[in-house]
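Input: a single structure, listed below in structure tokens.
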Amino acid sequence: MAVAISVGTLISNHLAFKYFGFGKDTVIDMAPYLIIFGILGARLYYCAMDYDFYLRFPTEILALRHGGISIHGAILGGFLGLVIYSKRHKLPLKKLCDVTSIGLAIGQSIGRWGNFFNSEAYGTPTDLPFKLYIAPQYRHVPYQDYAYYHPAFLYESILDFIIFLILVYCIASNKKLRDGNIALIYLILYSLARIVVENCRIDSVRYIYGIPVAILVSICIIIISVILYKRNNR
């Protein structure tokens, strides 16, 4: 996470100066807002998804070292941090969303490798050549008898990196996009990628009528983002 946050911050800071007209250290100055609110949002969102456990053991909410964060919560929390920073420093919120979404994409691509080291965020059993071995103590019920699984974390890491390249291309190719469109493109593309990856994962925190909440949230984000994109271009 530390590497992901650092790389994402430095890349966003560079792009903010080169393409968006911000000062040289604007994103670095803004980073504490994003990091603090992002981590708080990621943790609280995850606890809300698994509320039955955390209502029984409320002290576990503070035990971040035990794991349990959500990218959707991080996006919500980070956006709140952006709003506060934008108002305090009188900077355009839409542009800030654009430049930070690019750093977020590359940060997610790097951060997903934490799932590899923790033996988590893997998919259903498979015999494909690029299968991932999971030790018995990390296997989910009822898959204890299977040793190899889809490396779902790797799928998302690759897709996040592709999204990062697409966003960089959009700004480097001098395409005339309205402020806020880069962030909306990111939300749409990431949500599509998440739906694809989530379909093969077996560790979703909560389901509604057999559908992972992450997929339902991603669908809502796509719908809202498409509407906002169309309104933004009028």
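The values are calculated or read from the model by the stated rules, or taken from the named source; none is laboratory data. Just so it is clear, the structure is predicted and the values come from calculations on it, not from any experiment. Because the Cβ atoms are built from the backbone with ideal geometry, glycine has one as well, and the counts that use them run over all protein chains shown. When the accessible area is computed, the model is the full protein with side chains, heavy atoms only, and any ligands, DNA or RNA have been set aside. Shrake-Rupley method; radii C 1.70, N 1.55, O 1.52, S 1.80 Å.
For Met30, the conditions (1) more than 16 Å from the chain's Cα centre (by Cα); (2) at pLDDT below 95; (3) among the hydrophobic types (A, V, I, L, M, F, W, C) all hold with the exception of (2). When the test is whether a residue is over 24 Å from Tyr169 (Cβ atoms), in contact (Cβ under 8 Å) with a residue 12 or more places away in the chain, β-branched (Val, Ile, Thr) and assigned to a loop (DSSP other than H, G, I, E, B), Ile69 passes it. Checking Ile134, Ile163 one by one, the residue that is under 30 Å from Ile182 (Cα atoms) and buried (at least 16 other Cβ atoms within 10 Å of the Cβ) is Ile163 and no other.
Of all residues in the range 1-18, those being surrounded by fewer than 19 Cβ atoms within 10 Å (Cβ to Cβ) and within 13 Å of Phe164 (Cα to Cα) number 1. The single condition among (1) under 18 Å from the mean Cα position of the chain (by Cα); (2) at pLDDT 95 or above; (3) under 30 Å from Tyr51 (Cβ atoms) that Glu120 does not satisfy is (2). Scanning the range 166-207 for residues that are open to solvent by 60 Å² or more (accessible area, probe 1.4 Å), part of a helix (DSSP H, G or I) and within 14 Å of Ala152 (Cα to Cα) yields a total of 1.
Would a scan of the range 142-151 turn up a residue that is of a type outside the set (Gly, Ala, Ser) and part of a helix (DSSP H, G or I)? Within the range 142-151, not a single residue is of a type outside the set (Gly, Ala, Ser) and part of a helix (DSSP H, G or I).
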